[in-house]
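Participant: I'd like to ask some things about the structure below.
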Amino acid sequence: MVDFFRRPVARLTAALLLLCGLSAFWVLKLEWTLPFTQLFAEPDTLPLEALTVQNNTLPRMAMALLAGGSTAAATMLMQQIMRNPLASDSTLAVSGGAQTALVLAAVFAPAWLDFGTSGVAFAGAAAALCAVFWLSVRRELLPLTVILAGLVVSLYLGSLTGIVMLFYSEETRGVMQWSSGSLVQDSWHDTLQISWRILAAALLVGVLLKPLAVMGLGDTQAESLGIPVKKIRLLALAAAAFLSANVVAFVGMMGFVGLAAATVVRQTGVRTLPARLAASFALGGLMLMLTDNGLMLLKHYRQIDLPAGAVAALIGAPLLLWLMMKAPAQPVFQTASERGMTVLKASPLLKRLPLVALAVLLLALFVGRSDGVLPTFDTEYFAFRYPRVLLAAATGTMLALAGVMLQRLTQNPMASPELLGISSGTAFGAMAAVFLFDLTSGSGAFWLAGTVSALVSLALFMLFNRKNGLAPEKILLTGMALAALADAAIRVWTASGDFRVQQLLLWMSGSTYQATPESALVVAAAALVLFCAVLPLQRWLGLLGLDAVVAQSVGVNVPFARLVLIVLSAVLTALSTLLIGPLSFVGLLAPHLAYMLGARLPKQQLAAAALTGTTVMTAADWLGRQVLFPYEVPAGLMATLIGGAYFMRMMRRM
């Protein structure tokens, strides 16, 4: 095993190349009845079945190589620029922008799609990228600023897309299938189009390789050597976004394959940036091609047609999990620039957060609409409102606490509750109960299935990390791999067109409509107990947020402290997911909002983030019941719209 990890990338590439070759030969053997010497013969000399192979199967295989390779290389380039191992195409909101543009066009301007989806998708991706740059330019495109801007724009667009899909499910069904990633081709046109675009991006990246390698050491060192850091970063980000946008425009979202390939390359010790980019391109392309070849064989033998983007994780995730267990430890990437988003003084709003939270709670309890245009004050509906208000406040608190713990534990600003894999695992169990056993969403069996799935996810998470001391980078990547496996099944079910998807979409969007007085009181009590349990751990959070060596030097049992914090985060995440679905916004951005208000110490940040999460989720639930009355917008989607807008405003003003 030690010998394997001396030159692992070459062996992995050779193994994947062999498997791709065998599977491609198998597919062609089933579809091509003529001698293989005629595979590229003139079209007018071939029968219809052979033309199908020439214009469908072969360009599909080529597209798999190009799309997978482009996504992986773009991911590796973003990770180098951001100095963050979690950066991917979603970091720059490219995929979110493309999906939002297609959804809006499908519902409000379907005529635009008559000319093809690639142009609309690319325009949406470009607009999202411009929004990220607009939010980041005042901070000189610093890595941490770009990461946060990309995440908040991506989440904001995802929320907007979710609302449209919820109210226009029939019109957007095709977009849901596209978002799962399909490599089906009807000619060589798209393959040739993406080829020259990849070549153009590669030429630009080739010019930037040397300064990018120096920038990997830090901005200060690069500037001292005369490198224009801001310009180089802007050009490199544009090249990475251009690669990702083209893949999304032509074949949809390829999901986990880029992150998996880039992570495998880093974990196996490839050192130089050119070698990393080349290895990522090769691994990503071969992984996606192997996945798609398997799907073509599955369709031939079982008549089951699945999208490649949703299933790509079935190869990438197990490989990544295996590496997490076997590969030697690698240094953790620098997660932010030396000149991070420093808060010079606390905002006056920080001390007023309790009053703001109380005001929002009272508003949600006593003000609403029955049939008029404007909300009115009344008390007769209190009994119907307080379960939903308590549920929203409790879940906002729990997700915010989990987010603070994970971001401080891992020293990574992109860490959020769903990155443990518990959220996706819980959602997978709940969806499996509905689709496989025909259970009703919100029933006791539904809750039981989600709970069991959450426990199994946590057990697998601990199993895969039992030997590495719960190192921060390892736990995040393991969680992402587990989440990708669950998300693969969720995306396939979502794109299936099953009528039961609609009720699950409401749950997954963060709705509180199923709240009962009993469940709300129990959840509120649990949130209070867990908050009291987390507060005494502030010393661990402060020391681990500095460095594990520092924490150990002052007597902290680092593996035990990490274990306690992870288990508490998993419990908070699982409870929230069961109640209102796999939300992501509050747990990711409430800690950042608290910090930007001036809550820098662990105890301050925990309390401020909890109050922020409570306020945002309660306000979101109330607004969701008012804006489209008598229809409702789920609290989770509204929370992203409200909190995202405020967060972007704060970023722009900094």
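Participant: Tell me the chymotrypsin sites (Phe, Trp or Tyr not before Pro) within segment 547-654 that lie in a loop according to DSSP and have at most 16 other beta-carbon atoms within 10 Å.
Facilitator: Working: sites: PHE560, PHE585, TYR595, TRP622, TYR631, TYR646, PHE647; in loops: TYR631.
Taking segment 547-654 and a limit of 16 other Cβ atoms within 10 Å, the loop chymotrypsin sites (Phe, Trp or Tyr not before Pro) found are TYR631.
Participant: Between THR379 and ALA41, 0.36 nm times their residue separation minus their Cα-Cα distance comes to what?
Facilitator: Result: 113.8 nm gained on full extension.
Participant: A follow-up question, please. Can you tally the net charge around LEU86? Count Lys and Arg as +1, Asp and Glu as -1, for every other residue whose Cβ sits under 14 Å from the Cβ of LEU86.
Facilitator: On the way: positive: ARG83, ARG266, LYS474; negative: ASP89, GLU418, GLU473.
Charge balance near LEU86 sits at 0.
Participant: Still on this structure, I have one more. First measure r as the distance between the Cβ atoms of THR33 and LEU192, then evaluate 1/(1 + (r/R0)^6) with R0 = 30 Å and state the FRET efficiency to the nearest 0.05. Write out the running numbers ahead of the final one.
Facilitator: Working: r = 26 Å, r/R0 = 0.88.
Calculated value: 0.70.
Participant: While we're on this one: Between SER224 and ALA445, what is the label-to-label distance in nm when each label sits 7 Å out along the Cα-to-Cβ direction?
Facilitator: It works out to 6.7 nm between the two label points.
Participant: Using the Cα centre of the chain as origin and beta-carbon charges of +1 (Lys, Arg) and -1 (Asp, Glu), tell me which of HIS189, ASN465, ALA392 is placed farthest towards the positive end of the dipole.
Facilitator: ASN465
Participant: Now for a different question. Could you give the nm distance between label points at LYS210 and ASP305, where each point is 7 Å from its Cα heading toward the beta carbon?
Facilitator: If labels sit at LYS210 and ASP305, their model points lie 5.2 nm apart.
Participant: Just name one of PHE647, LEU362, ALA454: the one whose Cα is farthest towards the positive end of the charge dipole of the chain (beta-carbon charges, Lys/Arg +1, Asp/Glu -1).
Facilitator: Sorting the options by dipole projection puts first PHE647.
Participant: Also, quick follow-up: Determine, for each peptide in 12-18, 416-422, the mean count of other beta carbons within 10 angstrom over its residues, then list the peptides with the highest first.
Facilitator: The densest-packed peptide leads the list: 416-422, 12-18.
Participant: Taking just the alpha-carbon atoms of segment 1-109, what radius of gyration and Dmax come out, in angstrom?
Facilitator: Using the Cα atoms of segment 1-109, the pair Rg, Dmax is 20.1, 58 Å.
Participant: Please compute the alpha carbon radius of gyration of segment 348-653, then divide it by the globular-protein estimate 2.2 N^0.38 Å. Two decimals is fine. Could you put the intermediate results ahead of the total?
Facilitator: On the way: Rg = 19.1 Å, N = 306, 2.2 N^0.38 = 19.4 Å.
Against the compact-globule rule of thumb, the ratio is 0.99.
Participant: Just going by the charge dipole of segment 348-653, with Lys and Arg at +1 and Asp and Glu at -1 on Cβ, which of ALA483, VAL567, ALA594 is farthest out on the positive end?
Facilitator: So the residue furthest toward the plus end is ALA594.
Participant: Determine, for each peptide in 102-109, 607-614, 407-414, 218-225, the mean count of other beta carbons within 10 angstrom over its residues, then list the peptides with the highest first.
Facilitator: On the way: 102-109: 18.8, 607-614: 28.6, 407-414: 23.1, 218-225: 14.1.
The most tightly packed comes first, giving 607-614, 407-414, 102-109, 218-225.
Participant: With +1 on each Lys and Arg Cβ and -1 on each Asp and Glu Cβ, and nothing else charged, work out how big the dipole of segment 348-653 is about its Cα centre, in Debye to the nearest 20.
Facilitator: Details: 19 positive and 12 negative charges, 209 e Å.
Computed about the Cα centre, the dipole is about 1000 debye.
Participant: Calculated from DSSP H runs of 4 or more alone, at -39500 (n - 2.57) each and per residue, what is the 222 nm mean residue ellipticity of the chain, nearest 500? Kindly include the intermediate steps, with their values, before the conclusion.
Facilitator: Values: 27 runs with 464 residues, N = 654.
Computed mean residue ellipticity for the chain: -24000 deg cm²/dmol.
Participant: Continuing with the same structure: What's the ranking of 476-483, 71-78, 638-645 by average number of surrounding C-beta atoms within 10 Å, highest first?
Facilitator: By packing density, highest mean first, the sequence is 71-78, 476-483, 638-645.
Participant: About the Cα centre of the chain, what is the dipole size in debye to 20, counting +1 per Lys and Arg Cβ and -1 per Asp and Glu Cβ, all else neutral?
Facilitator: Dipole magnitude for the chain comes out near 2380 debye.
Participant: With contacts defined as alpha carbon pairs under 8 Å and 6 or more residues apart, what's the relative contact order of segment 348-653 in percent?
Facilitator: Numbers: 460 pairs, mean separation 100.6, N = 306.
Normalised by residue count, the contact order of segment 348-653 is 33 percent.
Participant: Along Cα→Cβ, 7 Å out, is where each label goes; now give me the distance between the ones at ARG653 and GLN626 in nm to one decimal.
Facilitator: Going from the ARG653 label point to the GLN626 one covers 2.1 nm.
Participant: What is the helix-to-structure angle for 348-366, meaning the angle in degrees between its Cα long axis and the longest Cα principal axis of the chain, kept from 0 to 90 and rounded to the nearest 10?
Facilitator: So the inclination is approximately 80 degrees.
Any read-out appearing in this document is the output of simple, stated calculations on the displayed coordinates, not a laboratory observation. Just so it is clear, the structure is predicted and the values come from calculations on it, not from any experiment. Glycine gets a Cβ as well: all are built from the backbone with ideal geometry, and neighbour counts include every protein chain shown.
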